[in-house]
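What follows is a single structure, written as structure tokens, with notes after it.
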Amino acid sequence: MQDLLITVAVPRPLDSLFTYRISSDLAERVRVGSWVLVPFGRTKLHAFAVDEPKPADAIPPGLEFEKLKQVLEVGPESSVIPGEVFELCKWTHEYYHSPLGEVLHAAMPGAALGLKSARREARQLEQSGRVPGVLHELTARQQEAFEALEQIRHRTLEKGSSRVALLHGVTGSGKTEVYLSVARKALDEGRSVLILAPEIALTPQLHERFEAALGERVGLWHSALPDAQRRDQTAAMMSGTLRVVIGARSAVFCPLRDLGLIVVDEEHDSTYKQEDRVRYHARDLAVVRGRMGGALVVLGSATPSLDTLERVREGKYAKVDLPERVMSRAMPQIDVVDLAEEPRVEGIQAVMAERTLEAIRQELDAGNQVMVFLNRRGFAAFLLCEECSEVSGCPHCSISLTVHKRNRELRCHVCGHLEQIPDACAKCRSDRLIPVGAGTESLEDELPKLLPEARILRLDRDQVTSATRLSDVLERFRKKEGNLLLGTQMLVKGHDFPGVTLVVAILADALFRYPDFRAPERALQILTQVAGRAGRGEMPGRVMVQTFSPEHPVIQVLCGESGIEEFLEGERELREALRYPPFARLARIRVESPERAHARRDALRLSEHLSALVREMPAIEILGPSEAFLERAKGITRWDLLIKSTSVRDLHRIVNAARAASRGGLESHVLVDIDPSGVG
Ligand SMILES: [Zn+2]
Ligand SMILES: [Zn+2]
């Protein structure tokens, strides 16, 4: 029998697919989505078959059959990527411009290895059987939400309708109980269930809760999972013995069979955006996967994203409300500390009002616990007028300008706008202009000196690299080995610490002045979650929010002075006027080089090239090039072009043109990010 041809995708950052020869007996066993072992350069790789084998005369032009290399091995039937997942990978590859082989590899990283142990695991599962789960009784509100979701799950799909619902539930309203009830129903009908949650590695309680409630084994899926466990779970999913998985963003690709329900908890969370190697947004992919397989997709949040709200407004997604807190626990009291007015602690770099420090002391003296929340690291300073709280913003992008002291400049990290640091405030002519934001992280060193009696635990991504060590710190805080927990936004995830009576946000401005068009929306989401950390136990909680701008809309909503609808409407109008998502799509084209001059030169060349192309494309606007926010990290200089487009097709045309140009002779490396999460 003559050899056949097979097209494969290799797990390498390469755009092209490769053709190999395959013997007729191996060709019998190969399927679309099978892994195949192939020689590649000087090594061997586990690649993936992307179509059926073809006869030798179907060889693509320019290739010689005799010179093709041979497929060495084909994976067993049990390891073939299921059709739905394969289609999702192809969609990801086309939409996000990620190499297909890398996407397939991300979906099935351990597929090629040790499936024997996995089969044993699957057998064990079958033998162990199932114990009846214990679901809590639903409150009247939860029951209503559950019934509404069930209706959507069984909805017949007509043109324009979908099975996507936003479950909008305030913090503490018991969204999880509703998820569990819908999950139970889907499982009873023989379908499987996928739950996506941010920072899943840090919340093992959620996993235990699902197992107890559903009465069957629940898989746990995240990037820190040991290989053996990943392999076992993969096999169990493929064989249909594992039907429920809770996971981080990468779980959106997991090979669960016949999905009936996908839950995206905290749908607004920015960690759903994958930024390394294969770039994608797991929430958006969950919607795509749900559509492909006919599953109900529930997007849960107390503070939904504007993107999702806009889909609701357009009638594409349904909205189900869960308005009541269980056991009517009081919302914590928000205390806004005006940093421009109140006396500040002197002799430290960080900003701290005397009143805040005093409040922390009091709680610690009373034997309670306190959480102190710093802004994220790597934050650059913005310029603030101490007189009228005006912050210098970009005239083109409505984004805070960043202070660069060295050259006495203000810069926009989106469009590249540049100006001298002014002598007086543009609004009130005061000369009391101060850079704010940088130096906040010095609090880590300063706090122990201010509060020598405190037993401080720290939680920071830089210090705590592994998920295990992170949950370690949280566990120690829960056991009251410390009475003050200091950290960045890691603090805001869904941990319950009943002993915490005071939560302090050191500088709210660092969130809503962050140079990104989503900053106010994100700030409100994060601060709402921060506030939710206080008073989870018996004692009433208190939240102190330090800010230079107590009049800012985010603060106004947070302390109940204005409604969230009003705030969202304001943000929506601004986005529409400036053509930001959800009213346009964005792509970021990043030009990287170890040579400072190359990155800049290539970004300018690319910009000129693309600008010439878009003259005939009114849907497109090109911003930049501008030096990236963290302009030189790890010895690499980065320049960004931001493409805004009201047409998805035109956006992809420009991105393809940029990729073609980069292949045609730029010295720098070009990276594409569709729907980037941080713009700035
Ligand atoms: Zn002013
Ligand atoms: Zn700008």
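Could you go through the stretch 43-63 and let me know if any residue there is among the β-branched types (V, I, T), closer than 22 Å to C254 by Cα and part of a loop (DSSP other than H, G, I, E, B). Explain how you work it out, then say what you get.
Quick first cut of the stretch 43-63, residues among the β-branched types (V, I, T) only: 43, 50, 59.
Imposing the further condition that a residue be closer than 22 Å to C254 by Cα reduces the set to 50.
Now restrict to residues that are part of a loop (DSSP other than H, G, I, E, B): 50.
Yes: one or more hits.
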* Restricted to the stretch 432-447, and to residues that are in a strand (DSSP E or B) and out of contact with any Cys (no Cβ under 6 Å at 6 or more places or on another chain), which residue is nearest to ligand 1 (Cβ to nearest atom)? -> I434
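Restricting to the stretch 417-431, name every residue that is in a loop (DSSP other than H, G, I, E, B) and away from ligand 1 (no atom under 15 Å from the Cβ). It would help to see each step written out before you state the result.
Of all residues in the stretch 417-431, those in a loop (DSSP other than H, G, I, E, B) come to 417, 421-431.
Once the filter is applied, which keeps residues that are in a loop (DSSP other than H, G, I, E, B) and away from ligand 1 (no atom under 15 Å from the Cβ), the stretch 417-431 yields only H417.
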* Which of (1) more than 16 Å from ligand 1 (Cβ to nearest atom); (2) within 20 Å of F548 (Cα to Cα); (3) without any contact (Cβ under 8 Å) to a residue 60 or more places away in the chain is the odd one out, the single condition Q362 does not satisfy? -> (2)
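Restricting attention to the stretch 383-394, report how many residues are closer than 19 Å to A523 by Cβ and either more than 13 Å from ligand 2 (Cβ to nearest atom) or touching a His at 6+ places or on another chain (Cβ under 7 Å) (or both). Full working, then the answer.
Of the residues in the stretch 383-394, the ones closer than 19 Å to A523 by Cβ are 383-384, 389-394.
Still in the running and either more than 13 Å from ligand 2 (Cβ to nearest atom) or touching a His at 6+ places or on another chain (Cβ under 7 Å) (or both): 383-384, 389-391, 394.
Of the residues in that region, 6 qualify.
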* Within the stretch 395-428, considering residues that are away from ligand 2 (no atom under 11 Å from the Cβ) and within 20 Å of R638 (Cβ to Cβ), the one surrounded by the most Cβ atoms within 10 Å (Cβ to Cβ) -> V403
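Taking the stretch 400-416 as the region of interest, how many residues are under 25 Å from the mean Cα position of the chain (by Cα) and within 16 Å of ligand 1 (Cβ to nearest atom)? It would help to see each step written out before you state the result.
Let us first name the residues in the stretch 400-416 that are under 25 Å from the mean Cα position of the chain (by Cα), namely 400-402, 412-415.
If we keep only those that are within 16 Å of ligand 1 (Cβ to nearest atom) too, we end up with 400-401.
Within the stretch 400-416, residues that are under 25 Å from the mean Cα position of the chain (by Cα) and within 16 Å of ligand 1 (Cβ to nearest atom) number 2.
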* Residue that is touching a residue at least 60 places away in the same chain (Cβ under 8 Å), of a type in the set (D, E) and surrounded by fewer than 22 Cβ atoms within 10 Å (Cβ to Cβ), where the choices are D25, D15, D51 -> D15
* **Contacts under 6 angstrom Cβ, first residue in the stretch 382-402 being over 15 Å from V414 (Cα atoms) and in a loop (DSSP other than H, G, I, E, B), partner more than 8 Å from ligand 2 (Cβ to nearest atom) and among the small types (G, A, S), 6 or more apart** => E386/A340; E387/S430; S389/S549
* Matching helices (runs of 4 or more DSSP H) fully within the stretch 140-245 where at least 1 residues are closer than 30 Å to R313 by Cα, out of contact with any Phe, Trp or Tyr (no Cβ under 8 Å at 6 or more places or on another chain) and modelled with pLDDT under 95 -> 140-153, 175-188
* How do the pairs read when you match residues in the stretch 569-587 that are among the hydroxyl-bearing types (S, T, Y) with residues anywhere that are crowded, with 17+ Cβ neighbours inside 10 Å, using Cβ under 6 Å and keeping only pairs 6 or more apart or on different chains? -> Y580/F517
* Asked: So A587 clears everything in (1) assigned to a strand (DSSP E or B); (2) within 16 Å of ligand 2 (Cβ to nearest atom); (3) not β-branched (V, I, T) except one condition, right? Which one?
  -> (2)
* Could you check, for the stretch 303-314, whether at least one of its residues is modelled with pLDDT under 95 and at positive phi? => no
* Based on what the data block shows, is L299 in a strand (DSSP E or B), under 24 Å from K175 (Cβ atoms) and under 14 Å from the mean Cα position of the chain (by Cα)? -> yes
* **Matching option when the condition is in a helix (DSSP H, G or I) and either under 30 Å from R522 (Cα atoms) or among the β-branched types (V, I, T) (or both), among V670, V614** => V614
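Mind counting the residues in the stretch 643-654 that are in a helix (DSSP H, G or I) and closer than 18 Å to L604 by Cβ?
Of all residues in the stretch 643-654, those in a helix (DSSP H, G or I) come to 648-654.
Among the residues that remain, those that are also closer than 18 Å to L604 by Cβ are: 654.
Total meeting the criteria: 1.
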* Do we find a residue being touching a Cys at 6+ places or on another chain (Cβ under 6 Å) and at negative phi anywhere in the stretch 317-327? -> no
* Subset of the stretch 20-37 [under 10 Å from E73 (Cα atoms) and within 34 Å of the chain's Cα centre (by Cα)] -> W35, V36, L37
* Among S79, S34, which is buried (at least 21 other Cβ atoms within 10 Å of the Cβ) and at pLDDT below 90? -> S79
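For every residue, the table says whether it meets (1) free of Cβ contacts under 8 Å to residues at least 12 places away in the same chain; (2) outside any loop (DSSP other than H, G, I, E, B).
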| site | (1), (2) |
| --- | --- |
| P255 | no, no |
| V263 | no, yes |
| T271 | no, yes |
| D276 | yes, no |
| L285 | no, yes |
| V288 | no, yes |
| M292 | no, yes |
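The values are calculated or read from the model by the stated rules, or taken from the named source; none is laboratory data. A quick note: this is a predicted structure, and the numbers were derived from the prediction, not measured. Don't worry about glycine lacking a Cβ; one is built from the backbone with ideal geometry, like all the others, and counts go over all protein chains shown.
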